Structures are given as structure tokens and as C-alpha cells.
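Okay, structure first, notes after.
Any read-out appearing in this document is the output of simple, stated calculations on the displayed coordinates, not a laboratory observation. Quantities reported herein were computed from a predicted structural model and do not represent experimental measurements. Cβ atoms come from the backbone with ideal geometry, glycine included; neighbour counts cover every protein chain shown.
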Ligand SMILES: Nc1ncnc2c1ncn2[C@@H]1O[C@H](COP(=O)(O)OP(=O)(O)OP(=O)(O)O)[C@@H](O)[C@H]1O
Ligand SMILES: Nc1ncnc2c1ncn2[C@@H]1O[C@H](COP(=O)(O)OP(=O)(O)OP(=O)(O)O)[C@@H](O)[C@H]1O
Ligand SMILES: [Mg+2]
Ligand SMILES: [Mg+2]
Ligand SMILES: O=P([O-])([O-])[O-]
């Protein structure tokens, strides 16, 4: 819509070419957590593909995937890659090659706390699990004191705040606990917090953050970008403690293995929660965009490519980082994503 | 305009309760007929069958026939609304429309039916009807005031005006003078006398003198006892009923101390 | 039990409209007083000031005093409830409680006193009151039926029964016989005669004979013209009013053709 | 019978009786011309200051009680109120009689319930107004939508480098259009159905079935209504109209979902209002030879109009604040869409919800919160205006005020 | 008989129209019911291992059903007396020029969207209730209802209070409109018998308004049972517990709203089946209410 569009076209070439010609509306739906980032991308895309508008319905990852599988959304935003059975179902709308999971951004999940006068706390997985299951309920519990020499921990009750809705954040967090503290965490990898654990809860990332911020002694888990004034627990990785940072998160994803069984261009990854590599942070959430490998018409293919390429480009990643606090994909991941998106074609 | 009414073997029910039994009566056109009888004997009930108002109460129904100029108004397919627009009615308890001004109350029969009238026409109707009911002088300055701000007698006359405004062929009046002072009563009686030149008038009254004064024929209803149905005991020329009734009950009733 | 009533310079308003002006009247205890006058002259309006029912209409108020046995019922601090339980009232338009059975209608006021009554006591009250109003025979088999399923006259008598059940010191009756047949009228007049042995009775009537039959004193109200307030023209022994009135208007009215 | 007269009639009595409660016996003798001592009519009434005395006593005793268990204002007032009500009852019973005491007790309880109802009202309103004013007064709040607003701009706003940008134009339009459409669907259907139930059905079995279903409908969770509407519209659009997948996501689908929620409220409230219209009036009209439908439209409806208007306002208020059913039917949009039948739409509640739950800038949520509360304030004002409109409409058609 | 056929056609048309509207409602509702049943059946008869709770659908739904009932019941218990009080205040107590604005102001409560109630509940009411819960626990802790108090105030009790505030204007507005319609004639009848104001209300107003008030309460209850967003925001859900002032418990609509977005496959059926259960509850409650009203039908006020 403005001449500046072409001048800022330092973005990856093919997207720019395809993007300037196509027009239409691309509908997606999915994870609520992507809302802020998608908002940034919607605006950013206007620069490269002025005639493509993207609408995104943050109904939740599950509902988004369902809409995608039902064909009413052209792409889905999801905190988790398609499950195998969903991948099978995807063949109905996407053709024999099914759908592609493309990482859109990375979000470090912070174990965030609100404790007056304490601005640095270190914990290992075992301790975190014990706190979140209620076994440790005082901030000056010996297990905590032992790991935090030099920090004066008060005799405050620990109020655990978890997500009350089903959530990808919970899933990633419990995935971490299951992998890293199997003894203390006896529950499964779940999207919905186990109701047997009696604790406080709130809906949505902003809900838990708000509740934790107003409750002294509270601890919760949430997307690092949204944690506001809360303190961040440094988590034990190998022999040292690692604070949640964008770089550490990106590094974790880079070292992750690709999920097996998917098509060649599918980029679903399996994170290693127990990695001991220094500088990695294990509680990380990878948010995907799920596209079809083939679409019915060329225009949709062009729009999807324009959007997908922009999102995974350095520009797109920067926009999401600045606007939503998402950790950018590493350059290699970004390139890989671009290649995968290139393979999207019209169904024969 | 006037029409005759004949009831043939009419039984009137409230649900299962038989309130009036076996009435046979022929009401001549252009005449005034009075219904008299003790309270609760079924005068109102019977009167309401003559314009099919009875059936608006849930569960109420009739058996038998009522002929309006020879046509059975209870025949299947007959539209009660047609009947009611030919057979008008003044209720025992005055019921002006609280939503409407005095003027609109008088014009209700037209306005509610969606008839358009010029202002002058409607003014004429309002004045004529209110004068007929002897109410004009009292309300002419407040025609736009609500009808419910009137005294009991005024409300009753308003309802009379409302009924005669639409000029039905038959006019049923249920104790139209019960709340009226002698002067207004006189005026309404004059009105009835005038109406009968064109219409058929049926009037329920507890006032023997009134019956004697205004009606040509009188029907005496009676009830044998509580729970029993009311019956038409005697129906004859008014003079006969009052001076020479053939039934003992009639004689007892009309010769009782007058109300 | 009976109480005297004195109205002193009473003006009665509907909002700004002065409906009744400058009434001075002394009503003796244990007597029957009749109010007569043309429709709309303010009889009902004035009657309703005697038990402070007038003021329940929005904007309605009075100026002047009404003394009940010498105590001003409009004095500040007087609770209208106290007045109304001493001064009972039968309305011009019968108003039984539609949500209550006939029996409960009769007991409605009686139960207010909050005394626990045995079934037999309350049965006795119901029977006595209904007999007084000449309704007992007609309803004794259906005491548990709703009060709204009665004929017009029956409803009126039910309201009379309800009022006398509480045995107020003063009983105001607004055209209590307007919907009644001669027999019931007679019965109610008998009742009034009986009541006056113990209570003060005020009755509004359009029936001159009735006024003559039942009342000791008669008050004639008149209205000069539309929009003007009603006034008490003459108040005297009933025989004086009917035979030898001092005012021309009274004479004209009572000598008119009777309703 | 008549709309405005009734509330006021006992009101008048109320005033009289209330003042009676608190009037000193001694005043009674001021009646002009009355020279003798106290009036028998006011004898045995408690003195005017009783209420004040009791109130004072209650305050003191409550304070003493609170001192025992730890003082706080709210508790103090609550205990005082309870003590006052009870003590007034006892005092009046002793000094006057049980009936007056009962009357006073209920008066106190009724006034008390009103005061209690005010507390949340004021609290909620205060919350919304105080949080909402900054957003509401931001320039361009009504004229702009959220197109182009990202976390970056919001961070600048929070840092003070930019004014609050982004507004509610899209949500406002969406709310108005969707609610209007829902109202147009449900009000006629609801009104006609209740007319059928009251005036035409004679309580036949069909009416029982309708009532049964309407009853069930009152408790349907709003999200389920949304899911149903989305399913239904998907069926209609894709299977019947052969439109491409996803085309069922539009404002109209939301209106359908909201209608499912609105209809039972309209039917049930209207039904009750029609039911209390006196039969007398129907009979008066019928006896004039007026057709039933005209009687219904011109006599019954106007008599009940005030109640019906209230019911409809309630129904609208009920759905105008719905979030969940809109999300699943009309999606979420950033820019203004005037077309109910194409493309996604935003509504105020969804906007509020999204802005609160997922701020545009997660690390700088203030801007989003301001917009959300501002939108909430707007929503309240809209319903307020609607309410006002309903009252004006009711007033125009309502019975004229009169006495008896 | 000659019949004004054109006029009659109008009548036929109008009554046909009303009937048609009734049938549309029936159809829509039959669809909703059909939709619910169809979507629920898989969950109702699913083998235990496919149900998220792991045992059977009914063991899953039972606690949230009870939670819903308790929340709605408390809300109704709080709201009904207050709402009727306010309605009476407006219709029969407040001076004329006060009554209208007061009515208007209370209607405002109905205007507030449920999201805002939710936000208010979590921001303002919850924290406000915390000291009260502490107090209750300290002094009445021996009653199981007042167990370990919540530190955030996000409890069933708070949710119930929010719901009570939400349904208050519904009950108030409708009852008020009915109270106001009480025929003057009947009010005067009571007053003339020497009834105090309260006795007049009890004698003529309340009996007259009975059916209307019951309907108002049922509409309020419907809202309380079906309210999604406010509960979702206010309640910190958990397993069923008798403790009203600690976190825990859950309601059906909130369970649906919280979990539906991420639900997939059988889980979705489960949630919709929970909605069906709510349907059935509403139905039962309404049937009881209708039964109570109809018992006194003969004595209705319209005559
Ligand atoms: N509620 C009211 N508002 C305003 N004016 C009224 C009201 N009620 C009555 N009036 C007027 O006050 C005057 C006196 O009325 P009232 O009812 O006292 O007459 P009445 O003597 O009882 O007549 P009737 O014999 O017809 O019953 C009449 O002009 C009447 O129109
Ligand atoms: N709606 C009703 N339901 C049941 N019974 C009724 C109903 N209306 C009247 N009745 C009964 O039917 C009988 C006849 O009543 P109706 O009203 O016809 O009497 P009436 O002759 O008009 O008496 P009145 O002179 O007192 O008006 C009475 O026994 C009455 O109780
Ligand atoms: Mg009769
Ligand atoms: Mg009168
Ligand atoms: O991204 P979430 O699923 O945790 O909202």
C-alpha cells in the first residue's frame, strides 16, 4: 500500500515476487499464544504482500487444528505438532503428503515467581516438580535453601498457580517435568493440569501472570515474554543453572531432533528436556504453523507461501521478537523452513 | 338494521358446570327485551351466549342453537367476530380501556378495527355517542384524559357510548344503569327507547320499574337452588309479567319489595 | 364500637383538580347515613377520604380535617392502617381477590389480626359473614373455589361479607346494592339495619327508596357543572330531605323520576 | 392494570406510613381545633426518635462486638444493620404490636436488599469507569480499528513515546450489527411465539411442547449455542449453498447463535407480561367486534408493553456481552467489516476478552488493558442507551396514567 | 352467515404467524437438542479408556455437575431475596420520582458483559473476599463448608456471588414489571381491610405475581447454570470439595469453555455431553417450577 514496500523488500526474494502479485484473504486459526505474534506478522506482511490479508482466530491449538483438518482454515497455529492420527486425517484435505509442521517461533517457558525481596532463585527439576505437586510448600524449604546459598528465603507459603484451561504451555511444562523429574512428577504429560493437585489456577497466560503478580509467594509457569515483573527461576541444566533467555531457548531447539515418521519436509521436532549442554534451557515451547503440502488453487498456495516465507524470514522473526517477545528461529532453522514452504504446490 | 334472535334449547356450561339450562326464547327485532331474575341465576351467562362472548372463557361452551335472523351463530364455520360486530355488548362491570383517552375509548370500535375516519367524522361520532350516553357535558372538556379517571357511573356511561358508537344491529346491556343516578338512568332509558327504533335491545336489570318502563317483553330467569342450573321461567309481554304472570315464582319475584 | 365522624372544611383533590369542596358533616355513631347525588359529583371521592383510601391514588390529597370520635385522622403521625382497620369499606366495583378462594376472601381481613384461629372459629366467621351478605346458600358448597368465578352480584356480596367479617367501627358502603336483585338488596338492607345497632354505617346509593328505607340522615351532593368541584348541598334527617328539603336543587333531585 | 400509577400508589401510602412510624405522639395534638391531650389514633405509637435511638445503640453494640474479634468497617456496618433490623422488630413488637413490627421488619429488609444490591453495582461500575476512562477518552478510540497495531506500537505507548493508538471501530460495528441481526431474528419470533402461547394456543399440547423446549433453552451454555450455530451454518453454507469451506464464519452465524440464547428470554418474559393483562380488556375489545389479532396488537400488547420492553432489553443485554459463541462463529478480526454475510467480525466482548487475555504486547499489556476497559465502558453505555430507548418506546405505547 | 372474509383472513394469517414462530422455535430447539445428543452419544457410551477421567463419562461429569448445581443454587439463594426486595422497593416502596431512576440503575447491572463481571470478580471481588474467608475459616472452620481458605479468593463462593450479581437484574426487572401490573383494585381491597403495606403486598401483589416471579427466577437460574465466561475467569477449578471458600470445584459451562479450544476427538464429545447434562438439569428444574405454578392455575390474577 505504500512505495516503501518494495524498498524494504530486502526480504527473501521469492516471497517478494510472489507476494506482490497475489491477493486475497488467508484464514488461519489456532493457538491463543500466537495471537500477539500473528498480529505483528499481519502488519508486517502488508509490507511485502500488500494485497494479502491474513485473519487469525485464536480459538486454541486444538480447535485450530480441527478447523484446519476440516478445511475451514488454510493454516493452523499450534503449540504442538500434529499428532500421528491427525496427520493421517490431514491427508483428506491436504492430499497424500499430508500437512507440514513449520516452526513459527520459539518461546522459553519461565518458571516465574513472586517473592518479596528475592530476585534470584535456583532450582533443579526435582524441586520444581515437588513444588508444583505441593510436596514443597514453603519458600524456605531445605531443598530450596540448599540450592540457593546466599539468598535469604522467607518463611512464606508457596502458592502454586497453574493454567486452568488446556494449554500447550502446560503440555510442554509437564513434558519437561516428566522427562527431567520422573520420580517427583508422577503425573503424565498433560495439556490439562491434573485436578488432583490442589492449587490456584487461572485462565490463559495473562491470567496466571496476573494472579501470580498479585499473590505474594506465588509461583507459576508462563511464556517468558508475558511474565512482566515476576522473577525467573534458574533451572538446573547439567551442573549449572540456566536462566530462561531467548538465546538459550533457540539453542535448545537447534539441538533438537526431528520427529521421525513425518514427510521429508515436515519440521516437527522433539525437544530433549534432559540435555546437559550448557547454555541450553530445557523448558521451551515450539509454536508451529501447520500448512498443507498441497492446496486446491494457486492463489491459496501463493498466499500461504507469501505468509509462511515472511514469518520464517529474518524480518518476520524480528517482528515477532519485538512485538510479542518471541525467541527467533536460528538462521539454519529459518532457511530450512523456507525450503519446506517452497515445496507447497497445487494439488493435481 | 335490527335483527331477531332466537335461542333454541340452549344449555350453557362453565366447564362441566351447567349454569343455564334449556332456554327457548324469541327476541323480536326493534324491541326492548328485559331479563330479570335473582343474582346468580344466569342472566349474564345467557346474555353472553348471544354474541358468543361466553366462549372466550376457557372451558366454557354451549349446547343448542342461537339464531340471528334465522342463521345459527354457533353453526360450524361461523366467525364469532362477525357476530360480535353485529351484536354489541355493555358489560356489567364497566371496563374502559386504560390505555386510551376518553375519546379513543368511544372510537375504540373503529380504531381497533383499523377504520380510517376524518377528524370531523370521528368528532361527530364521539359527540353523538357521548350525548346518547348522557356523558358529553361531563367530559367534553377532557376528551383526551384517560378513561380510567372517571367516576364509576361515568365509566359505565362511557362503555355505553363505546358500544352504541359502532351501531350494532343488536345491543346487549348487562345492568347498564346499576351505577347510575336517576338522571343518568333516565337519559339511558331515553336512549334505549330511541335505539329500539332501529336496533334490537336486550337489557339485564334488577330494577323492576326500569324493566316495566323500557321493555316490551320481559324474561324471568330463576334458579332452583345452589349448584342447580338457571332456567328461563317465563317470557311474555312485560305487562303480563308484572300484572298477570302465569308462574308463581315470577309473581313472587316481581311482587317482592322492589330494589 | 360505633364511632362518630366529623368532616371539617374538607377539600379533596386529584392532583390539582379539586373534586370535592368544603364539606362539613357530622355523622352520628350507630346510625345509617346515605349519600346521594348525581353521578360524578364526588360521593365516592368523599367517602374514600373517610378511611384515608383517597390518598393511595398518586397525587391525591385532602385539605381539612376528618375527625373520628374527635381525633383527626389526617393529623401527622396517624397511621392510615389504624384508621382503615376501624373504618371498613365496600367498593363501588366489586373486587374480590382473584388469587384466593371464596373462603379466604371472607377471612382476608380477619386473618390480618394475626390471631390464630381454630378451624371451627374461622368456619363460624365465614358462615356468619356470608349469611349476613345473603351469599351463604349460594356458595356454601364451593367455598374453596376462586372468588372470581362468581356472578356480578355474588362478587358484590362477597365483598360485603369480607368487610363485615372484620367488624370495623364504621362501615362505608359505596353503592353496595347496585348489582343486586331485589331479594339480595332486601337482605343487605336488613343487614345494614342490624349493623347500625353496633356500628356507624355510611352508604352511597342512587336508589332514593333505598336511602329512604335504610338511612336516618341523608346528605345530598351536587356539582355545579363540569370541571367544578362537587359540594355538599344539604344534610339533614332523611325524612326532611325527601319531604321538605330546604334547597331547591335537593328538591329537584329527589323528586325526579326515580331510578 | 396501568403502568405508572401502580408503583406510585402504594408509594404515597408508603410515604404516609413511613412518616407515621417516626412521628412523635405529641405532634398529634397539633391537629387544628383539637384541644384535648393525645389523640387516641396515635396512642401507643413509639416515639419518633426510637429509630435513631435503636440505630445508635446498634452502632455502639456492633462496635463493641467488633472490638472483641478485630475491628473493620465493613463488618461493623453489617453487624449494625443486622442489630438495627432485629432491634427495631423487637422494639416495635413491644411498644406497638406484631403487625406493625412485621411491616417495619419487611420494610427494613426490602430497603436493606436495595442497599445491598447497590454495593456490587457501584463497585462494578466504578471498576469499569475508572479503568475505562483513559481508553475511552483516547483520541481516535471510536474512529480507528486495530489494523496495524502491534506489540511494537503498544510498547511505545507504554513507554510514553506514543499515545494510545488502535480503537474499537471494528468491534463496535460488529457488536451493533450482530446484535441488531440477532434482535431482528429473535424478537419477532419470540414475541409471536409468546402471543401464540398466551392468546391462541388454549394450552394445547403443542404449547406445552414449546414451553418445554423454551424452558430447556434457558440453561443452555452460551458456548454450546455458539457451537450449534457454527455447525448449523457450516451445514447450510457448505452442504446446501455449496460455498467453500470456512465461508460459514461470518457475523450472521454469530447472530444465529445469539438468537438461540435470546429467544427463551424474550418468550418467557413476554409470556408472563401478556398473562397478567386483564381478561376484561380482551373481552371489551372482542365485544366491539374487534378481531383477535387486532385486539392482541392494539389492546394486549400496549398494556404489557413496558414489561415486554424490559424483557427484550434484558435479552439484548444478555447476549450483547457474550464472548464464547462469537469466537466460534464469527472469528476475530482486526479491521472493520460491515458485511454480516462475509468475512470475520469482531465484537466488543470478544475484543475485551482477547485484549485482556492476550495483550497485543505480552510484555507491555497496559495499552491492551486500557483498550479493553474502554471497550467495556462503551458496551455498558450502549446497553444503557438501549434501555433508555426501550423505556421511551414503552412510554409512547404505554397506558395513560390515571387513577382508579 | 356472511363473514368479513378479508378480516378473517387477517386473523388466520396472524394466528398462523404466531404458530409458525412457535414451530420455528421448536425446530431450532429440536436441532439444538439433536446436535447435543448426536455429539454426546459417543462419549456417553465410550469405553473407559477413551474417557479423559479414565473411568466412565458419568464419573467424569458427576463432580462438575454437582459443582454447577451448588454454584447456581448459592447464586440463586443470594440473588432471589435481594432481587425481589429490590423489585418491591421499586414498585411499592420508593417514592415515585426515585423509583424510576433506581430501576434504571439496577437494570444497568444487566448491561454489564460477563467478561467484565469476570474481570471484576478476579480483580476486585476475589481479593475482597479473602479476609472474609479467613475469618470464616477461623471461627467456623469446623463446618466442612469453610475449610482451608483460598489465598486468592478464586473460589466457588466468589463465583456464586458474581453469578448472583449477574442474575439479580434479570429477576429484579421482570418481577418489578409484574408487581407493577397488580390491579389497583386488589391492592385497594387489601388496604381497605386495614392491611399494612407488607400485608397488602403479601395479600394481593405476591399471589398475583407468583407465576411471573417464578419465571423470572427460572430465567435467572438459566443464566446462572449456563454462564461461561464469568465463572471461567473467577473460579480456580479443581476437584469436587465441600469447601466453598478454597480453590476447587468446577462448573459444566466453565469446564467446556476452558477445555474446548484444545479438545480433540472424544474429548470434544465428552464436553458436549456435559452440556447435554446441563440441558437435562435445566429441564428438571423448570419442570418442577412449572408444576408449582400450575397447581394454582385456577387462582390466576388475570381474571
Ligand atoms: N382517579 C381520578 N382522577 C381524576 N379525577 C377523578 C378520578 N376519579 C374520579 N375523578 C373525578 O372526580 C369527580 C368525582 O368522582 P366520584 O368518583 O367521586 O363521583 P361519584 O359521585 O362517586 O359518581 P358515581 O355516582 O358515578 O360513582 C368526577 O368528576 C370524576 O371524573
Ligand atoms: N367464570 C365463571 N366460572 C364458573 N362459574 C361461573 C362463572 N361466572 C359465573 N358463574 C356462575 O354461574 C352462575 C350464573 O352467573 P351469572 O353471572 O350469569 O349470574 P347473573 O344472573 O348475571 O347474576 P348477577 O345478577 O349477580 O350478575 C352463578 O352461579 C355463578 O356463580
Ligand atoms: Mg350478572
Ligand atoms: Mg362513585
Ligand atoms: O499457548 P497456550 O495453549 O498455553 O495458551
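Determine the relative contact order of chain E: mean sequence separation of Cα pairs under 8 Å and six or more apart, normalised by residue count, in whole percent.
Relative CO of chain E lands at 27 percent.
State, to one decimal in nm and shortest first, how far the label point of residue B:142 sits from each corresponding label point in the other identical copies (label point: 7 angstrom along Cα-to-Cβ).
Label-point distances to the other copies, shortest first: 3.8 nm.
If R0 is 22 Å, what FRET efficiency do you get for residue D:385 and residue E:124 from their C-beta distance, rounded to 0.05?
0.30
Rounded if a/c is under 1.5, else prolate if a/b is larger than b/c, else oblate: which is the stretch C:97-140, with a ≥ b ≥ c the root eigenvalues of its Cα gyration tensor?
Here the stretch C:97-140 falls in the oblate category.
If you average the alpha carbon positions of the stretch E:63-119 and of the stretch B:22-80, how far apart do those two centres end up, in angstrom?
Between the Cα centre of the stretch E:63-119 and that of the stretch B:22-80, the gap is 51 Å.
What length, rounded to one decimal in nm, is gained on full extension from residue D:115 through to residue D:338, with 0.36 nm per residue of separation minus their alpha-carbon distance?
Gain on stretching residue D:115 to residue D:338: 76.0 nm.
Within the stretch E:247-272, what residues put their amide N at less than 18 Å from the label point 7 Å along the Cα-to-Cβ vector of residue E:145?
Only E:247-250 pass the distance filter.
If you average the alpha carbon positions of the stretch E:211-234 and of the stretch D:124-191, how far apart do those two centres end up, in angstrom?
If we compute the Cα centre of each part, the gap is 27 Å.
If I take R0 = 56 Å and measure r between the Cβ atoms of residue E:202 and residue C:243 in this structure, what FRET efficiency does the formula 1/(1 + (r/R0)^6) give, to the nearest 0.05?
0.65
I need the per residue convex hull volume for chain B, using only the alpha carbons, in cubic angstrom as a whole number.
Per residue, the Cα convex hull of chain B comes to 128 Å³.
Rounded to whole Å, give me the distance from the Cα center of the stretch A:147-168 to that of the stretch E:11-31.
If you average the Cα positions of each part, the centres end up 59 Å apart.
Full extension from residue D:40 to residue D:53: what is 0.36 nm times the residue separation minus their Cα-Cα distance, to one decimal in nm?
Extending this stretch completely gives an extra 2.2 nm.
Return the distance in nm (one decimal) between the two label points of a simple spin-label model at residue D:60 and residue C:255, each offset 7 Å from Cα along Cα→Cβ.
The answer from the label model is 7.6 nm.
At q = 0.07, 0.09 Å⁻¹, what is the log10 ratio I(q)/I(0) for the stretch E:61-298, with the Debye formula run over Cα points and no solvent?
Each listed q maps to, in turn, -0.28, -0.45.
If you fit an axis through the alpha-carbon atoms of helix C:119-132 and take the longest principal axis of the Cα set of chain C, what angle between them do you get, 0 to 90°, nearest 10?
40
Closest beta-carbon to the C-to-B rotation axis: which chain C residue owns it, and what is the separation in whole Å?
Reported as residue, whole Å: C:178, 2.
For chain A, what is the calculated [θ] at 222 nm in deg cm²/dmol (nearest 500), taking -39500 (n - 2.57) for each run of four or more DSSP H residues and dividing by its residue count?
When only DSSP H runs of four or more count, the value is -11500 deg cm²/dmol.
Residues of the stretch A:99-129 with amide nitrogen under 17 Å from the 7 Å Cα-to-Cβ point of residue A:149?
Of the residues in the stretch A:99-129, A:121-124 have backbone N under 17 Å from the label point off residue A:149.
Compute the Cα gyration tensor for chain A, then decide on rounded, prolate or oblate, letting a ≥ b ≥ c be the square roots of its eigenvalues: rounded whenever a/c is under 1.5, prolate when a/b is larger than b/c in the other cases, and oblate in all that remain.
Since a/c reaches 1.5 and a/b is larger than b/c, the shape of chain A is classed as prolate.
Which distance in nm do the two modelled labels at residue D:392 and residue B:123 give, with both placed 7 Å along the Cα-to-Cβ direction?
3.2
By how many degrees, between 0 and 90 and to the nearest 10, does the Cα long axis of helix E:96-111 differ from the longest principal axis of chain E?
40
Kindly give the distances from residue B:116 to its copy-mates, label point to label point, with each label point 7 Å from Cα along Cα→Cβ, as nm values to one decimal ordered shortest first.
Reported distances to equivalent positions: 7.1 nm.
Per the Kirkwood treatment, what hydrodynamic radius in Å, one decimal, follows for the protein assembly as shown from the mean inverse distance over all distinct Cα pairs?
36.8
Hey, what angle do you get for helix E:57-88 against the long axis of chain E, alpha-carbon based, 0 to 90 degrees rounded to 10?
Helix E:57-88 sits at roughly 40 degrees to that axis.
Between copies, how far does the label point of residue C:28 sit from its twins, in nm, shortest first, when each point is 7 Å from Cα along Cα→Cβ?
5.3
Using r as the Cβ-Cβ distance of residue C:194 and residue B:9, and R0 as 51 Å, what FRET efficiency do you calculate, to the nearest 0.05?
0.70
When the chain is fully extended, how far beyond the present Cα-Cα distance does residue D:366 get from residue D:130, taking 0.36 nm per residue of separation?
That pair, residue D:366 and residue D:130, stretches by 83.6 nm at full extension.
If I model a spin label at residue A:322 and residue A:85 as a point 7 Å from the Cα along the Cα→Cβ vector, what separation in nanometres do I get?
4.4
In terms of the Cα gyration tensor, with a ≥ b ≥ c the square roots of its eigenvalues, is chain D rounded because a/c is under 1.5, prolate because a/b exceeds b/c, or oblate?
Oblate, since a/c reaches 1.5 and b/c is not below a/b.
Tell me what chain D gives for mean residue ellipticity at 222 nm when only DSSP H runs of n ≥ 4 count, each as -39,500 (n - 2.57), the sum divided by the residue total, rounded to 500 deg cm²/dmol.
-22500 deg cm²/dmol
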